[in-house]
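Contents: one structure, followed by commentary.
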């Protein structure tokens, strides 16, 4: 009888450990996806900032030519 109880307790603990491991794996995968998405968004923002700077430089050159 005591052995059955011990096995039951061990099985329950093992189930909890597996569930936690599964949850950790899911959260790790979600974190990786979010990190990749964040990196892509940061790269896109940097590209847009470079484009904005280029357009501002062109506008400045146009303004200098028309005031001459």
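Taken together, the values in this text are just the output of simple stated rules run on the coordinates, not laboratory data. Computed from a predicted structure; not experimentally measured.
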Using all Cα-Cα distances in the chain, what percent lands in each 10 angstrom bin from 0 up to the longest? 17, 18, 14, 14, 12, 9, 7, 5, 3, 1, 0
Measure nothing fancy, just the Cα-based angle from helix 2-67's long axis to the longest principal axis of the chain, in degrees from 0 to 90, nearest 10. 0 degrees
